[in-house]
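Have a look at the structure below before the remarks.
FYI, it's all coordinate maths here, none of it is from the lab. Quick caveat: nothing in here was measured; it's all calculated off a predicted structure. No Cβ is skipped: glycine too gets one built from the backbone with ideal geometry, and neighbour counts run over all protein chains shown.
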Amino acid sequence: MTTVLLHTGQTAPKVERPQPRVQVVRGGRHGLNRARHLAASTLNVLAVALLLGLIVSVVYSQAKITELNGQINDTKTQLTAAQSEYDYLATQMSNITSRASLQQVAEGQLGLVQVDPSQITYVQLEDQSVIEKTTSSAQLLVSDVRTAALNLLGSLNP
């Protein structure tokens, strides 16, 4: 502490500093404790709400994953069935279109026979050669009437 001497030889009076004012809150210290308790309770409630939100979101996401896995399994089952059916149909088509199978159907069900090379006749025409079928005027008239009738019927039934 410093002592100041005045020109008269006396010491200067001590100046006291004013004490800071303390605001009195209703309830005093009890009010301050209540505010702290309320803030702590609010933080606890927020923490619990956040934790519950996380738990609900995890449970929901697990349920959604389980649902999607079920859909994936159903689709895989359908794909496997479709692949099996495709393989079966491809085998059937291969069997039907094979040369031996076609020959059996042609000979057995349709009564066709293979052509013998001796049955084939080759005709060579000259550039100016034309084969004409001779017809009578009566046949031409009947043919024209028939064509006209077919055209008329075709235009009536679109």
| note | Quick calc: nm separation of the 7 Å Cα→Cβ label points for Ala39 and Ser101 -> 8.7 nm
| task | Pop a pseudo-label 7 angstrom from the Cα along the beta-carbon direction at both Asp127 and Arg17 and give the gap in nm to one decimal. | result | 13.3 nm
| note | One finds, for Ala148 and Gln119 with R0 = 35 angstrom and r their Cβ-Cβ distance, a FRET efficiency to the nearest 0.05 of 0.30
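Could you tell me what a quarter of the Cα convex hull surface of the stretch 50-158 works out to, in nm² with one decimal place?
Quarter of the Cα hull surface area: 20.7 nm².
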| query | What is the P(r) of the stretch 58-100, as percent of Cα-Cα pairs per 5 Å bin from 0? | reply | 5, 21, 12, 13, 10, 8, 9, 6, 6, 4, 3, 2, 1
